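Everything below concerns the one structure shown next.
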Amino acid sequence: MKEIFRFQVEDAFHKKRLDEFIFSKFPLISRIYLRRQIRDGKCEVNGNVENRGYVLRKNDFVEIEIEIDDTKNFQPEPVDFSIFYEEEDFLVIDKPAGMIVHPTREVRSGTLLNGLAYYFESKGCGLLRAGLVHRLDKETSGLMVIAKNPEALRILAGEFQRKRVEK
């Protein structure tokens, strides 16, 4: 099922790239998929199709078409990662090296998102309300911050973007 999502660009994304803005709005969807949507003309700024490098201005209107079934390409399953810290609005996990964050066409299970879906399901929460605040490459181990709700995601992602978080 296709759905159109509409956003108005806020201060934090003034003079930022279109793809960065879209990535921030859909942290659980693969960046490859989102880039393809932009490239294929499924994303508009103020009614015009723009490329991924388009520089946004405050109060621009952005629309993107997302195939909802494509956002659910992972199943909950137990995956080996440990929880370093947890609060009501976010948690910090320790991602091991070698773990893929997002499922791909070739790798459908054993990813961090499979494990997070399982964890949140066991807690009675929905993963789609949560979000990855930042990323780590497959071969990189380390701590990752996971927001548990959209407001926490907005605030925490803004802190990372403004480089106010020490790594």
**Unmet criterion (only one of (1) modelled with pLDDT under 85; (2) more than 17 Å from the chain's Cα centre (by Cα)) for Asp80** = (1)
**Asked** If you take the residues in the stretch 104-121 that are without any contact (Cβ under 8 Å) to a residue 60 or more places away in the chain, assigned to a loop (DSSP other than H, G, I, E, B) and not basic (Lys, Arg), which one is nearest to Leu136 (Cα to Cα)?
**Response** Thr111
**Message:** Can you report the number of residues in the stretch 138-164 which are part of a loop (DSSP other than H, G, I, E, B), modelled with pLDDT under 85 and either farther than 20 Å from Phe7 by Cβ or in contact with a His (Cβ under 6 Å, 6 or more places away or on another chain) (or both)?
**Reply:** 2
**Fill in**
Considering residues that are more than 16 Å from Ile4 (Cα to Cα) and either part of a helix (DSSP H, G or I) or without any contact (Cβ under 8 Å) to a residue 60 or more places away in the chain (or both), the number found within the stretch 25-34 is 2
**Item:** Top-ranked residue in the stretch 1-41 [being among the polar types (S, T, N, Q) and surrounded by 13 or more Cβ atoms within 10 Å (Cβ to Cβ); ranked as farthest from Ala152 (Cα to Cα)]
**Value:** Gln37
**Message:** Just to be sure before I move on: is Glu20 assigned to a strand (DSSP E or B) and either under 29 Å from Arg105 (Cα atoms) or within 12 Å of the chain's Cα centre (by Cα) (or both) in the structure I sent?
**Reply:** no
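The values are calculated or read from the model by the stated rules, or taken from the named source; none is laboratory data. Everything quoted here is computed from the prediction, not taken from an experiment. Cβ sites come from the backbone with ideal geometry, for glycine too, and all protein chains shown count toward neighbours.
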